[in-house]
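First up is the structure itself, then whatever we jot down about it.
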Amino acid sequence: MKKILLFASGAGSNVENIIQYFKNNNEVAVVGVFSNNPEAKVLEKAQVHHVPTLVFNRAELNEGFVLAKINELQPDLIVLAGFLWKMPEEIVHHYPNKIINIHPALLPKYGGKGMYGMNVHKTILENKEHETGITIHYVNEHYDEGEFILQQTVNIESCQTPEEIAAKVHELEHEFFPKVIEQILNPKS
Ligand code: GAR
């Protein structure tokens, strides 16, 4: 049995999609949803699917408490699915090539500090980009700079609002993120 641990900060549409994708898979289990945000809708979504949750604050993330909780679960893959805090180096070093992130744009453009969620889509609209997309990448100690695993693009010439761009990006995320996770866990399938 391969174990996935999810980290998320917000609405959790990706988390819900990943949980549903692996629901009837006997070889892969989502063993937890960890969040920095006690108000996050993602916590309710996890609970509906009977996935255990953990809420932590910044000190707990940076000073070993969260690492200890991860070690208890022994995940094969840690997936940042809309997680808006930086992963501390200590955790990254304990789980080399075992942490992946999804970014709602075509890195290296529109990455780095402050570039998350709707901020990204607003900037892309202001810059009159014709296309955007998603980047799924390994997490290293530099924000948004780990090795790319997959990029997908989408045309956004018809989009008038950041919300319309977000909807197109979410569609790509929901289609490709679970498949990439499955591929990493079972490289031969
Ligand atoms: C997703 O679009 C994800 O790519 C983005 O947050 C959104 C979360 O949506 N992540 C980042 O911006 C990370 N820098 P969700 O809560 O509905 O899954």
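The values are calculated or read from the model by the stated rules, or taken from the named source; none is laboratory data. All figures in this text were calculated on a predicted structure; none of them were measured in a lab. Counting neighbours? That spans all protein chains shown, and the Cβs are built from the backbone with ideal geometry, glycine included.
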Query - Yes/no for Thr135 being farther than 14 Å from Ile102 by Cβ and free of Cβ contacts under 8 Å to residues at least 60 places away in the same chain - result: no
Query raised in the report: Gln20 fails exactly one of the following numbered conditions: (1) more than 16 Å from the ligand (Cβ to nearest atom); (2) of a type in the set (S, T, N, Q); (3) within 20 Å of Ile100 (Cα to Cα). What is the number of that condition?
Result: (1)
Requested in this report: Please work out which residue is surrounded by the most Cβ atoms within 10 Å (Cβ to Cβ), limiting yourself to the stretch 66-98 and to residues that are more than 14 Å from the ligand (Cβ to nearest atom) and under 18 Å from Gly112 (Cα atoms).
Outcome: Val92
Report task. Determine, yes or no, whether Tyr138 is touching an Asp or Glu at 6+ places or on another chain (Cβ under 8 Å) and surrounded by 16 or more Cβ atoms within 10 Å (Cβ to Cβ). Result -> yes
Query raised in the report: Of all residues in the stretch 1-17, how many are within 11 Å of the ligand (Cβ to nearest atom) and not in a loop (DSSP other than H, G, I, E, B)?
Result: 8
Query - Top-ranked residue of the stretch 44-58 - restricted to ones that are of a type outside the set (D, E, K, R) and under 15 Å from Leu84 (Cβ atoms), ranked as nearest to the ligand (Cβ to nearest atom) - result: Val55
Query raised in the report: Taking the condition within 15 Å of the chain's Cα centre (by Cα) and more than 10 Å from the ligand (Cβ to nearest atom), does Leu61 pass?
Result: no
Query raised in the report: Given (1) within 10 Å of the ligand (Cβ to nearest atom); (2) modelled with pLDDT of 95 or more, where does Met115 come up short, assuming only one miss?
Result: (2)
Query - Residue identified as within 18 Å of Val15 (Cα to Cα) and not basic (Lys, Arg) among His170, His121 - result: His170
